[in-house]
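Following: one structure in structure tokens, then a few remarks.
No lab work stands behind these numbers, since they all come straight from the coordinates. In this text the structure is predicted, and so the values were computed from the model without any measurement. Cβ placement follows ideal geometry from the backbone for every residue including glycine, while neighbour counts extend to all protein chains displayed.
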Amino acid sequence: MASSYTLAALKTSLKDFAEDQGTDFSGSLDDLIKLAEDKVLIDMDLDIFDATGSMTLSIATQTSSVPTDFLKVRSMFYTSGTTRTFMEPRTYEYLVDYWPNTGTTGTPLYWAPYTPTTVYVAPLPSVVLTATARGIKRPVSVVTDTAGSWLSLNCGSLLLKACLVVAGQFNIADERNVLWKTEYLEDLTARRIEFRHLLHKNFDLPAMPQPPERRGRFQGE
């Protein structure tokens with residue numbers, strides 16, 4: 001079982017492992033921990049942190065803001081009348097190629113990640129639509145819930161190692177950065193096995209079987 005941490009214990013361990021008791025580092029710990037939490041949430045990819053939220057697709061507007069505190073959008077749909085239309089995820093390049101004329105509008109069919117807080121849609125909406133997005137939503141941080149968050153209590157060692165990876169970007173010259181990244185990936189694999197029953201699953205439909213090949217006189221024999 002992974003270690004558990006309160007905020008105070010996590011900060012103490014982080015400073016001890018980083019061997020940095022400086023005021024600059026200590027003053028940045030809250031921000032470093034939040035960045036590490038985001039990294040763990042995305043890398044773990046657990047369903048328990050999924051939520052839904054509303055998005056507005058504005059007329060002739062190529063981008064739309066994702067719901068507050070969403071780290072990653074998994075799917076989107078909108079309702080027109082009583083009909084739900086699911087928008088399919090594509091790459092940004094696909095959308096630009098598919099709908100190159102930004103002066104024309106249509107019925108939105110596709111979306112792509114654009115910035116950390118927006119998605120790109122195509123075609124451009126011809127009417128205002130309210131979409132529902134489902135994705136990973138940032139839970140309460142251990143910085144706020146100082147007695148312990150789900151991550152710090154259930155994946156404490158992984159969170160600590162993520163903090164060290166992020167701290168390595170703060171202390172750029174630290175020669176231990178490669179080691180911390182390796183240890184983080186090893187712990188991530190172990191935690192994904194431990195919580196495999198909570199991992200997000202993609203329910204892709206299998207390809208339709210092809211009809212059997214026709215033989216005999218129908219092929220000219």
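Things to note:
- Degrees between helix 156-170 axis and first principal axis of the chain (Cα, 0 to 90, nearest 10): 90 degrees
- Only Cα pairs under 8 Å and 6+ residues apart enter the sum, and on that basis the relative contact order of the stretch 41-117 stands at 27 percent.
- Options L14, Y92, G103, ranked by Cα towards positive dipole end of the stretch 1-107, top entry (Cβ charges): G103
- Between S54 and D97, the C-beta separation translates, for a Förster distance of 22 Å, into a calculated FRET efficiency of about 0.15.
- Taking the C-alpha atoms only, the angle from helix 177-194 to the longest principal axis of the chain is near 60 degrees.
- Sequence-separation-based contact order of the chain, relative, with Cα cut under 8 Å and 6+ spacing, percent: 29 percent
- With Rh defined as the Kirkwood radius, the inverse of the mean 1/r over Cα pairs, the Rg/Rh of the stretch 1-57 is 1.12.
- Entries of K15/K137; K11/K72; K11/K39; K34/K201 with Cα pairs more than 22 Å apart: K15/K137; K11/K72; K34/K201
- H200-T130 pseudo-label distance in nm [points 7 Å out on the Cα-to-Cβ vector]: 2.5 nm
- With kT/(6 pi eta Rh) evaluated at 20 °C and eta = 1.002 mPa s, and Rh the Kirkwood radius from Cα pairs, the chain diffuses with a coefficient of 105 µm²/s according to Stokes-Einstein.
- Where only alpha carbons of the stretch 1-99 are counted, the Rg and the Dmax (Å): 20.2, 60
- Computed [θ] at 222 nm, helices only, for the chain once each DSSP H run of length n ≥ 4 contributes -39500 (n - 2.57): -10500 deg cm²/dmol
- Leading residue at positive end of dipole, the stretch 1-151 (Cβ point charges), from L29, T115, G53: G53
- Rounded to the nearest 10 degrees, the angle from helix 7-18 to the longest Cα principal axis of the chain is 80 degrees.
- Cα Rg, Dmax, the stretch 76-166, angstrom units: 19.0, 53
- Gained length - D45 relative to T82, 0.36 nm times residue gap less alpha-carbon distance: 10.1 nm
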